[in-house]
Amino acid sequence: METTTPLLAVDVSARYADGHDVLRRVRVTVERGEILGLVGQSGSGKSTLALAILGLLTAKSGKIAGSVQLMGRELMGLRPREMRELRGREIALVLQSPLSALNPALTIGAQLREAWMAHDPEKQHWLKQAREGLRSVSLPDTDDFLARRPSQISVGQGQRVLIAMATMHRPALLIADEPTSALDMITQAEILELFAKLNQAYGMAILYISHDLASVSTICHRIAILHDGEIVESGKTEELFRAARHPYTQQLLSSCPHILAEPPKEEDMDENLWPTAPAGVLQGALHSHTYHDCGR
Amino acid sequence: MKAFRTLGLVLLAAVMTLTAMAQSAGELRFCLRSEPRTFDPLLVSDEASDTVRYLTGGVLVRINRQTQTLEPELASSWKVSKDSRSISFALRDRIFYSDGSPFTADDVAATVKRMMAPETHSPMADAFGAGGEKTDIKVLSPTRVTITFAAPIAGLDRLFDEVAIVSSRSPRKEMAALGPYYVADHKAGSYVYLRRNPNYWKKDSSGQAMPYIEAIRLDIQANRDIELLRMQRGEIHLINSLDAEYFDRLKSINPSLVYDAGPSLDSEQMWFNQVPNAPVAAYKLKWFRSSNFRHAVSMAINRADLARIVFGSHAQPAIGPVSPANKFWFNRKLRPTQYDTGVALRQLQQDGFRLNGGVLRDREGHAVEFSVITNAGNKYRERMATMIQQDLGKIGIRLNIVTLDFPSLIERIAEKFNYEAALLGTVNAGLDPNEQMNMWLSSGENHQWNPRQKSPETTWEAEIDRAMKAQSQLSNPMKRKVYFDRVQEIVVREAPFIYLVNRNALSAISTSIRGAAPVAMRPQAYWNIERMSLTDGKKVH
Amino acid sequence: MKLLRKLAWIILLTVAALSAMASVLSTSGYATQFREETSAAPSRQHWLGTDELGRDRFARLLYGTRISLGLAPVAALLATALAAAIGGGAGYLGGRWQRGMTVMIDLFLCLPWLFLLVIARAMLPLNVSPMVSVLVTFGLLGALGWAGPARVVAASVAALRDSECVLQARAVGTTEWRILLRHIFPRLLPILSAQFLILVPVFVLSEANLGMLGLGVAEPLPSWGSLLREMESLYGLTSAPWRLVPLGLLMLVVNSLQLVMGDEETSA
Ligand SMILES: Nc1ncnc2c1ncn2[C@@H]1O[C@H](COP(=O)(O)OP(=O)(O)O)[C@@H](O)[C@H]1O
Ligand SMILES: [Mg+2]
């Protein structure tokens, strides 16, 4: 597939106020409709990269240099207002913990409303969109659910709400920063499935960030390994698993004994690990190399 | 006015206690309200030091606090010269300080010399006039001494009531006492312990040596509530001066403890700012400078109510500048200012004021409204002001009450003259009009309503000036009183100070004290300490 | 809980209604001195007796309530609003701004306020009507009371600003204004209302203290401060327990306020 411009092309260095370099010329590209897994251990700079892409590093008093291009458009140097208009509409973010990412003082409805109205000031649209968003993540779209507060729903439901919020505007790119790390195994699988589904249904590209190679491997088309602020290796999932070159990647692989060198087949799925995972979907995600055109 | 130095100062209370222990059955206890600043009798400027001086100092002559007449002490006789410049003392013989050193005319000479020396900075030197170095002291014999001052001093002999004679020989200096007690122990912040002076010269009519009480423990206690509590519990024997509220409180617990000695020498008064260039509206100054206006205000104030309600009847409506408690100098011909709003209004009408719809207006139509300042935190003054507010409201005057902290109050009345009326008090320690010279002379610093005048601005102030100067140049008290009576009449008529009440001298005295006879003059409760004794009882009451 | 809250509302409304109707309810004005009946015990004529100058305590309590409970919350609201604006602004801007403001607040809190207020009083004109003195007093309290709460607010806002949920809100493209309005301010409300509730009785008591310094409500106007000041001596209280009524009422009102506001937070 030769497309002229990738969806996202990043080449950045970043540091925080304390002066130490967190990212050193990190080069990442995400193609349209692709799920790219970004894997690295805690502290390697994954979240920093996510924030750098979204232009939110300055809010954490971080500094960024280099280039972030979305569909060929340079985002570095955009005015804060232009950057804000991109966020949630073109690039969205799902954070790790719904407990802390959802505002405890606002109802689910109110948060969906905020998310919608950030890019559509028309008051009457939001409810319809909110219900649709909830349905798309398999949540009830009832008034009762909309009126609940984050404390009144489960963590898994919370994560779905976050995903609904992030995908309401059908962004071209969804950045999911360790979206399953706070979940139990069963819920993890459900959420992974949801991402795969969204990817398929809307052709939404996903930058899937995780410290866990195992979970990434199930849905990602390509994987990039971030180690200590640098991309040490990247490639198609099967290739990476088959022939990891970088010692760090090899180390990662060896620490996940259940990950096969071969891409997983349906019958190889660890039923204990993914007891409720609808294997077809997972498989579809893994084996489909058909990149959907994600023009909106 | 000397008053302002001591205004707001807490009066010293003195109480004596009997302890449970047998050997100290003769110990009296009372409280000092602050640490004495000095034991040097020539440097006394605070109440606590004054108490110690009164109890330990030997003086040549003493004003009898009851009769208010001057009596011989260490001097058996004295004579003031015709020109009131010099005084000769004949001293008693064979008198010794508490440490055994003999008392002679040299001690008197040394004491007066040191008091008058400018480098001593004795607060008492002022009263003896300027030119301290020119004081001439002649010791004629060990028992005869003549002191000649630079200028005539009216009432010269009475001034020696405060001059405690310090030994010129004793190595203990001022700690060697000639008075009934000496300082035996002192723990800063805690107590002063006095012991009976074994060498005290006085004996009673039956020949028994005085004083009768063995020792006095002065506990330093600033909190009056605690003082009162200790009095209730019998831990102290007396409280020298109580205010009306505490008096009534103690009375309700034990009526036999409290003693109301009638009006004191102190007064509470209100006055208007009459300083011609004061930063006050011109039309208001015109009111304030009118004696009709002032007198009308004076008549519109119900003094009887002030005394009854604010002070629980422990005060008397003031008649004039001198309290009736000042037996000799009070002008008995003066009548109390009548409370009569009708007459007050008529007097105001003479000045063109009209009462219309409850508002008094002057000739030009200005509504009569003014503020009175008083010191914040003084309940009695705040209450008096509130009552006066209602009284004046009856003749259509609106009074605004402003309470200020003491420094800003003084700044306003003494420096900036940025006030309209003030309500304060005068504390009179002495009896003699000469002590009030600075208040009555129009050139005086403490001529509060219009101080430091180059020449008297009104005829009545000129007349006061003349009378005050005339009396100060005479030595015959009866002749002096003629002039001072006149001054009192003028002050009442012109009302530069509107005298409100004289507080009563209130004290608390344990029933185990014999011989107590509280009076109006300071120190009210223990002035006759040498004649006081304790009953044997171990409990105080 | 519900019942208590209802009761609190009833108490607040009753107190408000009573003090609003002070002129109808009290048989005599708050300033009239019944000089033949000073320090009287409660009677049919004077329900709470009279004070030292013979003024009807009940009337003074009603009018005093109107003044103090009317103005202390206004002053507290002013102080809380200032705290929210200054503390919130500094906390939200963070970094240099927050450090600057912290220094400023520390300085502000270090100032000898009583002394400065006394000086301020000394500079005010003397002929101000009692009503103006009341407004000035509570205005000053409101204008000066913000510093402590501002520090609390700044810290909370800084924490909220760095929180995940604000990051999430930013990531969906919410504007800074909306973030302040929808995400930060509502979560600040419990803190602000707690600060407000602390300030109300503090201001009532400060007014009492200021009164002793010559600031505060001028005679003959009553205020809770002047009513509370009468309680200085324990002695007077034991012999005249009805004097405790103002204190009781203050506590009742503050508690009711707490109940009413506390409940609102959790159900809003
Ligand atoms: N706000 C910040 N200020 C300073 N250093 C930070 C900040 N956030 C993260 N870091 C540091 O940057 C590095 C990368 O952090 P992060 O991007 O959060 O890693 P990851 O998401 O891979 O766990 C870590 O060493 C972390 O300590
Ligand atoms: Mg992270």
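Each row is one residue, and each column tells you yes or no for (1) under 16 Å from residue C:223 (Cα atoms); (2) more than 14 Å from chain B (Cβ to nearest Cβ).
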{"residue": "C:69", "(1), (2)": "yes, yes"}
{"residue": "C:83", "(1), (2)": "no, yes"}
{"residue": "C:99", "(1), (2)": "no, yes"}
{"residue": "C:118", "(1), (2)": "no, no"}
{"residue": "C:121", "(1), (2)": "no, no"}
{"residue": "C:126", "(1), (2)": "no, no"}
{"residue": "C:129", "(1), (2)": "yes, no"}
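The residue of the stretch B:203-213 that is modelled with the lowest pLDDT, among those that are out of contact with any Asp or Glu (no Cβ under 6 Å at 6 or more places or on another chain) and surrounded by 15 or more Cβ atoms within 10 Å (Cβ to Cβ), is B:209. Among the residues of the stretch A:196-209, is any away from ligand 2 (no atom under 16 Å from the Cβ), at positive phi and assigned by TED's automatic domain parsing to the domain that holds residue A:254? Yes, that holds for at least one residue. If a residue must be within 13 Å of ligand 1 (Cβ to nearest atom) and out of contact with any strand residue (DSSP E or B) (no Cβ under 8 Å at 6 or more places or on another chain), how many such residues does the stretch A:206-238 contain? Qualifying residue count, the stretch A:206-238: 2.
Applying a threshold of 9 Å to beta carbon distances and a minimum spacing of six or more residues, or different chains, the list of pairs starting in the stretch A:199-220 at a residue that is under 16 Å from residue A:175 (Cα atoms) and within 14 Å of chain C (Cβ to nearest Cβ) and ending at one that is within 16 Å of ligand 1 (Cβ to nearest atom) and part of a helix (DSSP H, G or I) reads A:207/A:49; A:207/A:50; A:207/A:53; A:209/A:46; A:209/A:47; A:209/A:49; A:209/A:50; A:209/A:216.
Please go through the stretch A:16-34 and pick out each residue that is crowded, with 17+ Cβ neighbours inside 10 Å and within 16 Å of ligand 2 (Cβ to nearest atom). Matches in the stretch A:16-34: A:22, A:23, A:26, A:28. Restricting attention to the stretch A:100-148, which residues are more than 10 Å from every other protein chain (Cβ to nearest Cβ), part of a helix (DSSP H, G or I) and among the charged types (D, E, K, R)? Scanning the stretch A:100-148 gives A:123, A:128, A:131, A:132, A:135, A:143, A:144. Restricting attention to the stretch B:225-249, the residues being surrounded by fewer than 21 Cβ atoms within 10 Å (Cβ to Cβ) and aliphatic (A, V, I, L, M) number 3. Give me the residue from the stretch A:168-183 that is away from ligand 2 (no atom under 11 Å from the Cβ) and facing another protein chain (nearest Cβ under 10 Å) and, out of that set, nearest to the chain's Cα centre (by Cα). Across the stretch A:168-183, the extreme among qualifying residues is A:175. Note on the stretch A:73-99: among residues that are within 16 Å of ligand 2 (Cβ to nearest atom) and facing chain C (nearest Cβ under 7 Å), the one that is surrounded by the fewest Cβ atoms within 10 Å (Cβ to Cβ) is A:97. Taken over the stretch C:34-66, the criterion of being in a helix (DSSP H, G or I), in contact with a Pro (Cβ under 7 Å, 6 or more places away or on another chain) and not small (Gly, Ala, Ser) is satisfied by C:60, C:61, C:63. When we screen C:140, C:71, C:78 for residues that are at pLDDT below 90, part of a helix (DSSP H, G or I) and in contact with a helix residue (DSSP H, G or I) (Cβ under 6 Å, 6 or more places away or on another chain), the only hit is C:71. Just one of the listed residues (A:62, A:88, A:40, A:45) is under 22 Å from residue C:174 (Cα atoms) and within 16 Å of ligand 1 (Cβ to nearest atom), namely A:62. Is it the case that some residue within the stretch B:518-532 is assigned to a helix (DSSP H, G or I) and under 30 Å from residue B:423 (Cβ atoms)? No: the stretch B:518-532 contains no residue that is assigned to a helix (DSSP H, G or I) and under 30 Å from residue B:423 (Cβ atoms).
Quick check on the stretch B:401-409. Is at least one of its residues more than 9 Å from every other protein chain (Cβ to nearest Cβ), crowded, with 20+ Cβ neighbours inside 10 Å and within 21 Å of residue C:210 (Cβ to Cβ)? Within the stretch B:401-409 (the criterion being more than 9 Å from every other protein chain (Cβ to nearest Cβ), crowded, with 20+ Cβ neighbours inside 10 Å and within 21 Å of residue C:210 (Cβ to Cβ)), the answer is no, since none of the residues qualifies. Among the numbered conditions (1) within 30 Å of residue A:116 (Cβ to Cβ); (2) of a type in the set (Val, Ile, Thr); (3) modelled with pLDDT under 85, the only one that residue C:184 does not meet is (3). Inclusion of residue B:119 among residues that are part of a helix (DSSP H, G or I), without any contact (Cβ under 8 Å) to a residue 40 or more places away in the chain and among the charged types (D, E, K, R) is warranted. Counting the residues of the stretch C:170-188 that are more than 7 Å from chain A (Cβ to nearest Cβ) and either not in a helix (DSSP H, G or I) or not aromatic (Phe, Trp, Tyr) (or both) gives 6.
Every test in (1) within 14 Å of ligand 1 (Cβ to nearest atom); (2) assigned to a loop (DSSP other than H, G, I, E, B) is passed by residue A:28 save one, and that test is (2).
Quick check on the stretch C:242-260. Is at least one of its residues under 27 Å from residue C:11 (Cβ atoms), over 23 Å from the mean Cα position of the chain (by Cα) and not in a loop (DSSP other than H, G, I, E, B)?
Scanning the stretch C:242-260 turns up at least one residue that is under 27 Å from residue C:11 (Cβ atoms), over 23 Å from the mean Cα position of the chain (by Cα) and not in a loop (DSSP other than H, G, I, E, B).
Residue A:55 meets all of the listed conditions (1) surrounded by 15 or more Cβ atoms within 10 Å (Cβ to Cβ); (2) touching a residue at least 12 places away in the same chain (Cβ under 8 Å); (3) away from ligand 1 (no atom under 16 Å from the Cβ); (4) over 30 Å from residue A:241 (Cβ atoms) but one, namely (3). Only one entry of B:81, B:86 meets the criterion of being within 20 Å of residue B:155 (Cβ to Cβ) and in contact with a strand residue (DSSP E or B) (Cβ under 6 Å, 6 or more places away or on another chain), and that entry is B:86. Exactly one residue out of C:215, C:167, C:192, C:210 is part of a helix (DSSP H, G or I) and over 28 Å from residue C:91 (Cα atoms), and it is C:210. Of B:396, B:377, all but one fail to be touching a helix residue (DSSP H, G or I) at 6+ places or on another chain (Cβ under 9 Å) and either crowded, with 23+ Cβ neighbours inside 10 Å or within 12 Å of chain C (Cβ to nearest Cβ) (or both); the exception is B:377. The helices (runs of 4 or more DSSP H) falling completely within the stretch B:224-313 that include 1 or more residues that are within 12 Å of chain C (Cβ to nearest Cβ) map to B:224-233, B:244-253, B:282-288. Which residue out of A:217, A:181, A:210 is modelled with pLDDT under 90 and touching an Asp or Glu at 6+ places or on another chain (Cβ under 8 Å)? Every option except A:181 fails the conditions. Checking each residue in the stretch A:41-55 for being more than 12 Å from ligand 2 (Cβ to nearest atom) and touching a Gly at 6+ places or on another chain (Cβ under 9 Å) picks out only A:52.
The values are calculated or read from the model by the stated rules, or taken from the named source; none is laboratory data. For clarity, every value in this text was computed on a predicted model and none was experimentally measured. Every residue, glycine among them, receives a Cβ derived from its backbone with ideal geometry; neighbour counts consider all protein chains shown.
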